[in-house]
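Report on the structure given below.
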Amino acid sequence: FIAFKGQRVFVWDSMPYPCVQFNPDAIAGLIKQDKTVVDAVTATCCLTCTIKKVTTYDKKSVQQRIKQPNIVMMRADWSLPDNVVLQYIQSWNRNGIPLTVVYTPEAPNGTAVPEIVTPNIFLTALQQ
């Protein structure tokens, strides 16, 4: 995504894996459909978010797993103020980003992934 003059332009289609726009109200319904939801809260100005993308999400093993039909990759854009995103971040007792939460049918309340994460840690979180 790109932030330009207070407007958001989403370019997630160019990502190497499918993403949907952040919608916290949709998470419970997706879990009931036996989906695993990965909610990544990021921002264009977040260096740690960029590093996480390059060192974890862009790795072939992670991309292959994210592309599986039971995985929904959801992105929340915190580049510009957004009360829904802020409330979500605060609901995890966090004050900033990156924040990645994995929801599975076995863990429907979600599990926060560490801010600094390796592909193995991320892939393990998808299996819980």
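The values are calculated or read from the model by the stated rules, or taken from the named source; none is laboratory data. Predicted model, so just to flag it, every value in this text is computed and none were measured. Neighbour counts are summed over all protein chains in view; Cβ atoms, including those assigned to glycine, are modelled from backbone coordinates with ideal geometry. Surface areas here come from the heavy atoms of the whole protein model, side chains and all, with no ligands, DNA or RNA. Shrake-Rupley method; radii C 1.70, N 1.55, O 1.52, S 1.80 Å.
Which one is right for this structure if volume of the Cα convex hull per residue in Å³ is calculated from it: (1) 144; (2) 100; (3) 127?
(2)
Using mean Cβ contacts within 10 Å as the protection proxy, how do 24-34, 76-86 order, highest first?
76-86, 24-34
Identify the residues of region 70-110 with backbone N under 18 Å of a label point that sits 7 angstrom from the Cα of THR55 along the Cα-to-Cβ direction, or state none.
Of the residues in region 70-110, 97-101 have backbone N under 18 Å from the label point off THR55.
Whole number in Å², please: accessible area per residue of region 9-128, 1.4 Å probe, ligands, DNA and RNA not counted.
In whole numbers, region 9-128 has 53 Å² accessible per residue.
By a straight-distance test (C-alpha under 23 Å), which lysines pair with LYS32 as possible cross-link partners, with residues fewer than eight away in the same chain excluded?
LYS67
To the nearest 500 deg cm²/dmol, what mean residue ellipticity at 222 nm is calculated for the chain from DSSP H runs of n ≥ 4 alone, each contributing -39,500 (n - 2.57), summed and divided by the residues?
Dividing the helical sum by the residues of the chain leaves -7500 deg cm²/dmol.
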